[in-house]
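Notes follow once the structure below has been shown.
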Amino acid sequence: MESLYLLIPLSVLIVFAAIWVFLAMSDSGQFDDMLGPALRILQDNDMPEAPALPATSTNTKPNEQE
């Protein structure tokens, strides 16, 4: 019985802290875009990237003779 004197106020404090954290995050814009992440997973990103072109030197011209 004595433990309830400690556990009930402690649990009430934890509930109020959780409500405060939720309200603080919702005020800061944490939950504004709920649709974007849900649609992002549906995008098809399975295509491989195009291969990079080989680097060429820009200092010399192809038909220039020294």
| field | Filter pass, Ser3 being in a helix (DSSP H, G or I), polar (S, T, N, Q) and either surrounded by 10 or more Cβ atoms within 10 Å (Cβ to Cβ) or at pLDDT below 75 (or both) | value | no
| task | Tell me, yes or no, whether region 41-59 has at least one residue that is at pLDDT 75 or above, of a type in the set (A, V, I, L, M, F, W, C), within 36 Å of the chain's Cα centre (by Cα) and not in a loop (DSSP other than H, G, I, E, B). | result | no
| note | Contact list, first residue from region 21-41 and small (Gly, Ala, Ser), second anywhere and in a loop (DSSP other than H, G, I, E, B) and surrounded by 10 or more Cβ atoms within 10 Å (Cβ to Cβ), beta-carbon distance below 9 Å, six or more apart or interchain, is Ala24/Gln30
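The values are calculated or read from the model by the stated rules, or taken from the named source; none is laboratory data. If you're wondering where the values come from, they're calculated on a predicted model, not measured in any experiment. Ideal geometry is used to build each Cβ from the backbone, glycine not excepted, and the neighbour counts take in all protein chains shown.
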